[in-house]
Amino acid sequence: YDLAVIGLGYVGMPLAKEATAAGLRVVGYEVDPRKVDALNGGRSYIDDLTDADLEHMLAGGFRATLDESVLAQSRTIVICVPTPLDDDHRPDLSAVEGATATVAKNLTAGSLVVLESTTWPGTTDEVARPLLESSGLVAGRDFHLAFSPERIDPGNPKFGLRNTPKVVGGYTDACRDVAAAFYAQFIEQVVPVSGTREAEMAKLLENTYRHVNIALVNEMAIFCDELGINLWESIEAAATKPFGFQKFLPGPGVGGHCIPVDPSYLSYTVRKLGYPFRFVELAQEINERMPSYVVTRVQRLLNRHKKAVNGSRVALLGVTYKPDIADERETPALPVARGLLELGAELVFVDPHVKQWQVDGTAVPREENLAKAVAEADVTLLLQQHGAFDLAIVEDHGKLVLDTRGVLAEGERVERL
Ligand code: SAJ
């Protein structure tokens with residue numbers, strides 16, 4: 001094979017797709033038999049990969065397999081497995097170590113190994129390389145080793161793998177050049193950097209930048225509410241500045257598997273130097289506090305109308321972490337719901353992408369009909385602006401509404417965060 005992709009998720013599959021479309025012979029290695037069966041059966045479980053895309057890939061020779069020996073028959077091996085946090089909020093590299101150990105058992109001379117998983121600077125050199133060299137082959141001499149961060153943004157209609165510049169750092173300059181040439185076969189722009197750490201750090205910078213800027217506007221939302229200043233307007237006004245300003249919006253908290261997670265990989269590295277990365281730790285504290293702030297705002301809104309949270313019905317609109325996709329990872333809706341339940345609220349949720357939803361094991365009733373949910377609720381809480389939501393219904397029929405996304409027209413019944 002020209003390429004073996006390890007980890008067939010929302011990062012691995014777009015890579016396999018573009019490489020196959022470029023005429024490369026591609027095989028996907030997975031540890032989950034259900035994924036292998038689904039893919040070889042033409043059933044995609046990836047938001048951005050349709051069954052038609054998959055059929056096309058299969059017709060182009062792509063196959064998924066549980067058989068690790070395919071790695072020994074692949075000139076290039078790219079590792080695209082998750083790098084979550086463990087229960088103590090520390091980097092969990094177990095998937096990367098497992099995948100790399102499997103590669104080491106099947107490593108052949110002259111191959112290229114690339115790590116794409118987001119991780120702390122030094123992982124490729126200090127964790128992956130020793131594991132790979134346990135094969136007896138030496139990085140830079142017998143095989144090439146590189147790091148190239150993934151920049152797949154699920155649901156993004158404009159940017160995909162082909163037209164998103166690809167940063168590449170190598171264990172040696174030759175490693176970098178071989179990896180850059182590999183990606184140049186199907187990605188428009190490759191951005192070589194001097195080492196694997198620079199490539200690892202670029203990714204962490206991208207997402208930490210996003211995380212701290214979201215925390216900035218979240219903290220501003222809190223004091224602007226007390227100052228009686230419409231921050232949403234100020235943000236739109238600031239965004240008219242044609243240079244040097246990027247718009248971020250307050251919200252009920254930060255979800256997903258990138259933005260809340262990646263900065264922890266950076267602060268973990270800095271702490272190894274013996275001091276905190278204060279910016280990130282403060283941003284995490286602010287973003288993690290937003291769900292309870294939202295609960296407080298619901299409480300104040302009800303109280304102003306002589307109601308208590310206890311016994312009130314709250315309609316939660318949108319429980320995913322991002323609009324228009326069915327991904328609930330780290331969704332702030334969960335801690336918001338938990339806080340409201342603790343105060344005795346009665347919840348229903350409305351979300352076209354989520355068929356059933358639980359909070360700590362308790363199922364939250366689902367209301368299919370937005371108008372009904374909004375009309376019957378004492379307060380409606382807009383947490384995610386799904387395109388499917390007819391916002392006029394919320395504005396017109398909501399008894400009381402708290403809009404955490406700044407998309408509704410404010411009025412005596414509708415309040416923004
Ligand atoms: N959020 C805010 N305010 C904002 C932006 C986001 O509260 O101004 C919240 C969202 O509601 C969400 C969380 O932050 O809960 C994360 O949102 P996101 O738009 O960053 O979405 P992600 O997690 O899918 O981030 C991905 C990242 N892509 C990669 O890591 C390859 C990120 O780097 C992209 O910038 C982002 O998509 C994007 O631009 O959509």
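The values are calculated or read from the model by the stated rules, or taken from the named source; none is laboratory data. This one's a predicted model, so the numbers in the text were calculated from it and none came from an experiment. For neighbour counting, all protein chains shown are included, and Cβ atoms are generated from backbone atoms with ideal geometry for every residue, glycine included.
Odds and ends about this structure:
- Close pairs from region 136-150: first over 14 Å from residue 106 (Cα atoms) and away from the ligand (no atom under 16 Å from the Cβ), partner part of a loop (DSSP other than H, G, I, E, B) and among the aromatic types (Phe, Trp, Tyr), Cβ under 8 Å, at least 6 apart: 139/171; 140/171; 144/171; 145/171; 146/171
- In region 195-250, residue farthest from residue 300 (Cα to Cα) [restricted to those that are buried (at least 19 other Cβ atoms within 10 Å of the Cβ) and more than 16 Å from the ligand (Cβ to nearest atom)]: 195
- Looking only at region 369-416, residues that are touching a Phe, Trp or Tyr at 6+ places or on another chain (Cβ under 8 Å) and within 16 Å of residue 231 (Cα to Cα) come to 2 in all.
- The set of residues from region 268-285 being closer than 24 Å to residue 335 by Cα, surrounded by fewer than 21 Cβ atoms within 10 Å (Cβ to Cβ) and either hydroxyl-bearing (Ser, Thr, Tyr) or within 13 Å of the ligand (Cβ to nearest atom) (or both) comprises just one member, 284.
- Selection from region 340-355 of residues that are closer than 21 Å to residue 293 by Cβ and of a type in the set (D, E, K, R): 342
- The criterion of at least 3 residues that are in contact (Cβ under 8 Å) with a residue 40 or more places away in the chain is met, among helices (runs of 4 or more DSSP H) falling completely within region 228-313, by 262-271, 278-304.
- Strands (runs of 3 or more DSSP E) contained in region 1-67 and holding at least 2 residues aliphatic (A, V, I, L, M) and buried (at least 19 other Cβ atoms within 10 Å of the Cβ): 3-6, 26-29
- Within the set 60, 136, 155, the sole residue that is modelled with pLDDT under 95 and over 23 Å from residue 169 (Cβ atoms) turns out to be 155.
- Any chance residue 155 is surrounded by fewer than 17 Cβ atoms within 10 Å (Cβ to Cβ), touching a residue at least 60 places away in the same chain (Cβ under 8 Å), within 16 Å of the ligand (Cβ to nearest atom) and under 30 Å from residue 416 (Cα atoms): yes
- Of the criteria (1) over 28 Å from residue 157 (Cβ atoms); (2) touching a helix residue (DSSP H, G or I) at 6+ places or on another chain (Cβ under 6 Å); (3) among the polar types (S, T, N, Q), which one residue 65 fails: (2)
- Just one of the listed residues (302, 334, 341) is in contact with a strand residue (DSSP E or B) (Cβ under 8 Å, 6 or more places away or on another chain), closer than 15 Å to residue 360 by Cα and more than 16 Å from the ligand (Cβ to nearest atom), and it is 341.
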